[in-house]
């Protein structure tokens, strides 16, 4: 559970740290909270992509480290190739995360300071892995069974079974995330059921 006293914010904002495993349905939940409840959603994936945008210092470091194999013809990052590298080599993944995570953390802090909303959603897939739990006042974990997760990930990212397994296994096990959660959203059924769970916990 999160110690809400960690946040020294005079505005007493409710900051939901939305996380889970890859392809468990985090984006579905964040989109629902944004559209139905009009909550601001700060997205770590967006900030991560901005951190490696064309001509950024981190992108230059990536090209220096891995060469043209991770560079597209237009000068942007070949995310698929980079993904194959970092998800099969934990040392390389840790190197990349050491570059990106501080940038993402700083963006969350900056954007939170700009918002006066009582409730904010921080969508952070690697909330635990990046040690960012101190940024939020409660943790919501989106979960689903392993078979469903594998199927969704393969279809969404056009991956082989082995590629999907490698990506799932690179993250902290869902069971460990659930053990540290304030709220667990089970996404094994219908969208209506998932939304009902969101309603229950957002309005508590």
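Below are the figures for this structure:
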read-out: In degrees, nearest ten, helix 57-66 long axis to first principal axis of the chain (Cα); value: 50
read-out: Within a Gaussian network of the chain (alpha carbon springs, distance under 10 Å), most fluctuating of 134, 36, 101; value: 36
read-out: Part-to-part distance (alpha-carbon centres) for region 114-158 and region 75-109, which is given in Å; value: 17
read-out: Shape category assigned to region 4-202 from the gyration tensor of Cα positions, a/c cut at 1.5; value: oblate
read-out: Percentage relative contact order, region 53-92, counting C-alpha pairs under 8 Å, at least six apart; value: 30
read-out: Relative contact order computed over region 127-204 (Cα-Cα under 8 Å; 6+ residues apart), in percent; value: 40
read-out: FRET efficiency, residue 113 to residue 145 (Cβ-Cβ, R0 41 Å, nearest 0.05); value: 0.60
read-out: Label-point separation in nm, residue 46 to residue 190, each point 7 Å along Cα→Cβ; value: 3.1
read-out: C-alpha long axis of helix 146-157 to longest principal axis of the chain, angle in °; value: 50
read-out: Cα-Cα P(r), region 5-119, percent of pairs per 5 Å interval; value: 2, 9, 17, 19, 17, 14, 11, 8, 3, 0
read-out: 0 to 90° range, to nearest 10: angle between helix 26-36 axis and the chain longest Cα axis; value: 50
read-out: Mean Cα-pair separation over length for region 4-202, i.e. relative contact order, pairs under 8 Å, 6 or more apart, %; value: 37
read-out: Prolate/oblate/rounded call for region 156-204, Cα gyration tensor, a/c under 1.5 rounded; value: oblate
read-out: Residue order, fewest to most surrounding Cβ atoms within 10 angstrom, among 182, 68; value: 68, 182
read-out: Value at 222 nm in deg cm²/dmol, rounded to 500, when DSSP H runs of n ≥ 4 in the chain each add -39,500 (n - 2.57); value: -15000 deg cm²/dmol
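Where a number appears in this text, it was derived from the coordinates with a stated rule and is not lab data. The shown structure was predicted, so the numbers you read here are calculated from the model rather than taken from an experiment. A quick note on method: Cβ atoms are made from the backbone with ideal geometry, for glycine too, and the neighbour counts reach across all protein chains shown.
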